[in-house]
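**Student:** Here's a structure for you.
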Amino acid sequence: MQIEGIPKRVRLKVNLERYGKGLAENALGWTIPNTKISIWGSFDRFVAVKFDNGIRIDVLYKSLEFLTC
């Protein structure tokens, strides 16, 4: 879980469509500080992300590319 801070722009580096349609590689979204979507959000390797298509899911940090805005 991202503790504090501001939302960060991210790009998905892997295909996660088995968890939701539209979670394909290169999907864009924003991290959600101080939030966990599922039990996985309790682990420090995951961060909550709201993708531009509206899907919210906890994602492994290593599955995301952090973009500079």
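**Student:** Residues 26, 53: which one is more than 9 Å from the chain's Cα centre (by Cα) and surrounded by 12 or more Cβ atoms within 10 Å (Cβ to Cβ)?
**Tutor:** Only one candidate passes the filter, namely 53.
**Student:** When region 1-56 is examined, which residues are found to be within 16 Å of residue 68 (Cα to Cα) and not hydrophobic (A, V, I, L, M, F, W, C)?
**Tutor:** Within region 1-56, 5, 7, 8, 9, 11, 13, 26, 29, 31 qualify.
**Student:** Another one. Name the pairs: first residue in region 16-42 and touching a residue at least 40 places away in the same chain (Cβ under 8 Å) and acidic (Asp, Glu), second residue part of a loop (DSSP other than H, G, I, E, B) and surrounded by 12 or more Cβ atoms within 10 Å (Cβ to Cβ), Cβ to Cβ under 7 Å, at least 6 apart or on different chains?
**Tutor:** If the second residue must be part of a loop (DSSP other than H, G, I, E, B) and surrounded by 12 or more Cβ atoms within 10 Å (Cβ to Cβ), no pairs are left.
Every number in this text was worked out from the coordinates using simple rules, so none of it is lab data. None of the values given here were measured: they were computed from a predicted structure. Reconstructed Cβ throughout: ideal geometry from the backbone, glycine too, with neighbour counts over all protein chains shown.
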